[in-house]
Amino acid sequence: MGISSKLGNLGVVTTSLETAVNWGRTGALWPLLFGLACCAIEMMAAQCSNYDLSRFGMELNRASPRQADLIIVAGRVTRKMAPVIRQLYDQMPSPKWVLAMGDCASCSGVFNNYAVVQGVDEIIPVDVYVAGCPPRPEQLIHGIMTLHEKIRGERITDWAS
Amino acid sequence: MLDSYAPAAVLLIITVVMCLLIVSLSTLMGPRRPTHRKLEPYESGMVPIGPAVRRLPVRFYLVAVLFILFDIEVVFFLPWAVIARQLGLFALVEMGIFIGILLLGFAYAWRKGALEWE
Amino acid sequence: MIDMIAPQGSEPAVTPIGEGQNWQGSLDELKGMISPRALTGETMLLNMGPHHPSTHGVLRLLLELDGETIVSCVPDVGYLHTGIEKNMEAKTYTKALVMTDRMDYLNPLGNNLVYCLALEKLASLDVPERAMIGRVILAELTRINSHLVWLGTHCLDIGAMSMMLYCFREREEILDIFELVSGQRMMTSYFRPGGLWRDLPDEFIPTVQAFLDHFPKRVDDYETILNKNPLWIDRTQGIGVITPEDAIALGCTGPVLRASGIAHDVRKSQPYSCYESFDFSVITGDHGDVYDRFLVRVKEMRESIKIVQQGLKMLRKGPFISSNRKFVPPPRAELGQSMEAVIHHFKLWTEGFRIGKGEVYFPTESPRGELGCHLIADGSTNPYRVHFRTPSFVHISALPKLVEGEMLADVVAIIGSIDIVLGDCDR
Amino acid sequence: MQNLRSLGDRVQEAFPDAVLDTIAFRDELTLIIDPEKIIEVARFCRDTEGLEFNLLSDLSFVDYYPEEPRFAVCYHLYSIFFRHRLRLKVMLSGEEPQVATVTPIYPAANWQEREAYDMMGIEFIGHPFLKRILMPKDWEGYPLRKDYPLGYEQVQFTFNFDEVMRQKPQAKREKNT
């Protein structure tokens with residue numbers, strides 16, 4: 001199954017196909033509407049008129065995981081919320097990325113106690129960590145830019161095995 | 001006479017081919033990784049309660065039927081509206097009668113309380 | 001490591017309600033809360049769950065639906081419980097202040113204020129005039145900030161998309177003022193026990209004055225868009241009605257209580273931080289429905305503008321923090337001259353200050369309702385117990401009474417109208 | 001402060017044996033109430049003419065770990081009309097902390113009592129739905145008790161990566177399931 005097993009590595013054909021597909025994917029990354037805590041308010045501010053995430057084709061926050069490509073974990077992940085996040089991540093279609101926004105999602109920041117999962121990477125694989133508590137909207141946009149670079153660098157074997 | 005329809009035909013063919021191409025390529029080429037959790041119905045992140053197929057109250061059916069009725073009415077407007085000017089007064093009166101009858105139906109449904117939810 | 005908690009394809013480690021095939025059996029624990037018709041499958045049980053666009057955070061409502069009308073509703077909170085109170089017991093008084101910012105993240109300065117006021121009352125610490133007025137100005141700006149986010153998201157939930165963009169545009173100006181004053185947009189931690197962290201900069205008064213000049217016109221725009229808008233009126237009038245007696249019995253406070261006609265405002269009834277020297281009126285509604293709560297909050301924004309305007313006039317030059325060296329570290333310049341300053345500096349920054357045995361409950365008026373801090377000290381450097389009375393927790397407990405009998409689409413309007421923040425509710 | 005003290009005396013006269021102690025501190029009045037009599041005192045405070053404490057503004061709970069009457073439940077009552085505040089405090093034993101629920105008198109206490117049960121394991125007799133509210137359903141232990149560890153986790157560096165990984169709650173849960 002998958003392109004590379006069928007066509008094998010055709011050199012320039014697959015690489016140009018890769019760049020085309022990767023370019024298409026960074027064009028309109030639809031984030032899952034998933035705000036947990038304070039970083040969600042900064043994410044909303046980033047999407048509103050002053051910082052305008054729509055410039056990167058991201059203005060449509062999809063509420064259902066079936067139509068989302070990117071899950072921005074904006075806020076602290078608690079023990080009770082962990083299975084829900086795992087369920088949401090599993091229900092997203094395959095080309096999916098995770099952006100851990102803020103210290104609480106990256107390493108549970110200020111809260112080092114019984115109730116908070118120490119970093120969302122204990123539950124789901126994270127692609128980009130954005131520091132800050134809460135990170136300024138520009139920091140979030142910078143995080144999304146690094147995610148775009150990461151997507152452009154993906155090889156065909158990564159996703160079409 | 002037929003050649004005036006040629007552009008429409010070309011457009012039709014292109015769209016059909018494009019759609020088939022997209023759908024077939026993704027089903028054939030795309031990797032399949034079904035997991036139990038991915039196939040579960042999505043219920044705001046929780047494990048769904050109860051069977052997905054449930055008995056729905058009849059009021060939904062009533063609302064649906066009323067919608068289809070008046071939607072079809074609008075479909076009849078379209079061809080008439082395109083050439084209404086050439087057809088002149090006669091077509092206008094005829095369409096007026098058509099709308100009147102349907103308005104009667106609408107008033108009846110309203111009076112009977114079909115539009116109220118309870 | 002990634003698949004530690006729930007490897008791909010297996011069940012979540014913590015089984016939520018409704019797990020397993022015989023879903024009727026797993027609902028026996030909800031015996032008293034849902035009607036027996038749910039078990040026979042006659043009414044439908046639906047999770048308006050933790051991940052939902054209109055629950056203003058991670059609130060989960062287990063709704064029992066008969067068609068479109070709601071038979072019963074069981075709210076399930078705790079999805080954002082970060083154990084702030086337990087964490088504060090492990091930190092010194094000054095360090096614990098940082099935790100209060102993250103509790104109600106739409107009203108960070110309000111949380112700082114209630115913690116600092118409780119602490120100052122417990123340690124009977126004096127606060128200079130300039131600090132008190134500065135606190136009132138910034139607390140009222142936070143109230144406007146929180147009401148703007150409420151208005152934006154409430155209208156977005158009901159369908160008025162452009163309101164969100166207008167409100168967040170104004171909010172950016174307030175966040176610039178917070179950044180000018182404390183260096184951080186939201187989590188400012190600007191109020192310290194004894195006064196303010198740093199003096200208000202000179203550009204503070206002109207910037208706030210500039211904001212106050214054009215903001216009232218913006219509130220007029222909101223009112224012209226929404227007040228007589230037939231769509232808005234149909235979606236909000238007569239929905240989610242709560243009578244004054246029920247509101248008091250269920251513990252509602254703030255705009256929810258005032259919209260039902262009871263003029264209870266902690267700033268007026270038990271004034272703190274020199275609120276008594278400001279004159280503003282308490283807005284009340286009369287029906288107690290979603291529309292009245294909307295009107296009360298929008299008019300409250302105008303009252304806050306008046307308060308900030310008076311505050312700017314009353315602001316005088318003077319000390320911005322108390323000079324009681326037992327609790328407040330001395331300014332940097334003084335360290336060069338006096339030995340005691342170095343001792344105080346060293347003691348306060350290494351060990352922190354101690355407060356004798358005592359117990360205090362201090363209520364304040366947050367944008368959502370009465371925010372109280374029950375602080376207990378036992379003579380050590382850490383607070384022995386901090387309990388926050390948060391309005392969102394009480395308003396969500398009152399939600400079933402508001403929601404039963406309404407249509408499913410109105411639940412969205414009602415949740416928006418009681419203005420809940422889940423960080424405030426779960427602490 | 002004076003009329004607050006007079007309120008305290010009125011409650012004292014009405015229930016001489018129920019009010020064990022009164023504490024006036026920083027213009028606040030605390031009445032220590034006998035756990036069995038809390039319902040009558042609360043009903044008295046809410047319904048009598050001059051008191052009318054109609055708003056239960058807060059129900060907070062404290063764990064004085066080493067001392068014997070270990071747990072304390074504080075009812076902060078507020079009268080909207082008279083604008084004064086009172087705290088009724090109930091001291092409970094450490095082994096089985098039980099007190100009658102005041103939900104029939106103040107429905108606002110419903111959730112706050114559930115939080116007290118969830119966080120400190122204080123039983124409220126007669127509560128309609130006494131279940132965990134903030135913690136997950138199957139959580140063992142009561143987090144806000146003084147003898148419950150904070151759950152602090154060391155910072156993971158390369159040298160202590162594995163043993164910190166072993167102490168993570170998920171790892172423990174995976175082991176015994």
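The values are calculated or read from the model by the stated rules, or taken from the named source; none is laboratory data. Computed from a prediction, not measured in an experiment: that's the story for all the values here. All Cβ positions, even for glycine, are placed from backbone atoms using ideal geometry, and neighbour counts span all protein chains on display.
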Flag for B:Tyr5 being within 14 Å of chain C (Cβ to nearest Cβ) and in a helix (DSSP H, G or I): no
Lone qualifier among A:Ile123, A:Ile144 - being within 30 Å of B:Pro48 (Cβ to Cβ) and either under 11 Å from the mean Cα position of the chain (by Cα) or surrounded by 22 or more Cβ atoms within 10 Å (Cβ to Cβ) (or both): A:Ile123
Residues located in segment D:110-145, provided they are at the interface with another protein chain (Cβ under 9 Å from one of its Cβ atoms), charged (D, E, K, R) and surrounded by fewer than 15 Cβ atoms within 10 Å (Cβ to Cβ): D:Lys131, D:Asp138
Residues of segment D:19-44 classified as within 14 Å of another protein chain (Cβ to nearest Cβ), in contact (Cβ under 8 Å) with a residue 12 or more places away in the chain and not in a strand (DSSP E or B), total: 3
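Condition check ((1) free of Cβ contacts under 8 Å to residues at least 60 places away in the same chain; (2) under 24 Å from B:Leu39 (Cβ atoms); (3) surrounded by fewer than 18 Cβ atoms within 10 Å (Cβ to Cβ)) across all residues:
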site	(1), (2), (3)
A:Ala45	no, no, no
A:Ser49	yes, no, yes
A:Ala82	yes, yes, no
A:Asp90	yes, yes, no
A:Trp97	no, yes, no
Single residue of C:Glu203, C:Glu173 found to be surrounded by fewer than 16 Cβ atoms within 10 Å (Cβ to Cβ), over 16 Å from C:Arg297 (Cβ atoms) and assigned by TED's automatic domain parsing to the domain that holds C:Phe327: C:Glu203
Output for segment B:16-61, where each listed residue is touching a helix residue (DSSP H, G or I) at 6+ places or on another chain (Cβ under 7 Å) and of a type in the set (Lys, Arg): B:Arg37, B:Lys38
Strands (runs of 3 or more DSSP E) wholly inside segment A:49-161 containing at least 3 residues that are modelled with pLDDT of 90 or more and within 13 Å of chain C (Cβ to nearest Cβ): A:70-74
Pick from segment C:370-393, criterion under 14 Å from C:Cys252 (Cβ atoms) and in contact with a Cys (Cβ under 7 Å, 6 or more places away or on another chain), ranking: nearest to the other protein chains (Cβ to nearest Cβ): C:Phe393
Which listed residue, of C:His147, C:His154, is within 27 Å of C:Glu276 (Cβ to Cβ), part of a helix (DSSP H, G or I), touching a residue at least 12 places away in the same chain (Cβ under 8 Å) and under 21 Å from the mean Cα position of the chain (by Cα): C:His147
Some residue of segment C:292-314 being in a loop (DSSP other than H, G, I, E, B) and away from every other protein chain (no Cβ under 14 Å): no
Only listed residue being touching a Gly at 6+ places or on another chain (Cβ under 7 Å), assigned to a loop (DSSP other than H, G, I, E, B), modelled with pLDDT of 80 or more and facing another protein chain (nearest Cβ under 7 Å), chosen from C:His81, C:His51: C:His51
Residues satisfying the stated conditions in segment C:371-392, i.e. crowded, with 24+ Cβ neighbours inside 10 Å and outside any strand (DSSP E or B): C:Pro383, C:Thr390, C:Pro391, C:Ser392
Residues of segment C:32-48 classified as over 27 Å from C:Ala413 (Cα atoms), more than 9 Å from every other protein chain (Cβ to nearest Cβ) and part of a loop (DSSP other than H, G, I, E, B), total: 2
So D:Arg85, is it within 11 Å of another protein chain (Cβ to nearest Cβ), crowded, with 18+ Cβ neighbours inside 10 Å, over 20 Å from C:Ser397 (Cα atoms) and of a type outside the set (Phe, Trp, Tyr): yes
Candidate set: segment C:252-263, residues that are touching a residue at least 60 places away in the same chain (Cβ under 8 Å) and part of a loop (DSSP other than H, G, I, E, B); chosen: the one surrounded by the fewest Cβ atoms within 10 Å (Cβ to Cβ): C:Gly254
Helices (runs of 4 or more DSSP H) enclosed by segment B:41-118 - at least 3 residues per element that are exposed (fewer than 10 other Cβ atoms within 10 Å of the Cβ): B:59-82, B:89-112
Residue check, D:Tyr148 assigned to a loop (DSSP other than H, G, I, E, B), of a type in the set (Ser, Thr, Tyr) and facing another protein chain (nearest Cβ under 10 Å): yes
Subset of segment D:45-57 (residues that are touching a Leu at 6+ places or on another chain (Cβ under 9 Å) and either over 12 Å from D:Leu7 (Cβ atoms) or within 11 Å of another protein chain (Cβ to nearest Cβ) (or both)): D:Arg46, D:Phe53, D:Asn54, D:Leu55, D:Leu56, D:Ser57
Any chance B:Thr27 is under 30 Å from A:Asp90 (Cα atoms), hydroxyl-bearing (Ser, Thr, Tyr) and either more than 14 Å from chain C (Cβ to nearest Cβ) or out of contact with any Gly (no Cβ under 8 Å at 6 or more places or on another chain) (or both): yes
Within segment D:90-104, tally of residues that are surrounded by fewer than 20 Cβ atoms within 10 Å (Cβ to Cβ), out of contact with any Pro (no Cβ under 9 Å at 6 or more places or on another chain) and either under 24 Å from D:Leu51 (Cβ atoms) or within 10 Å of chain C (Cβ to nearest Cβ) (or both): 1
Selection count where residues are in a loop (DSSP other than H, G, I, E, B) and in contact (Cβ under 8 Å) with a residue 12 or more places away in the chain, scope segment C:54-78: 9
So A:Gly57, is it crowded, with 22+ Cβ neighbours inside 10 Å and at positive phi: no
Count of segment C:226-251 residues which are within 14 Å of chain D (Cβ to nearest Cβ), touching a residue at least 12 places away in the same chain (Cβ under 8 Å) and in a helix (DSSP H, G or I): 4
Some residue of segment B:18-40 being touching a Pro at 6+ places or on another chain (Cβ under 8 Å), in a loop (DSSP other than H, G, I, E, B) and at positive phi: no
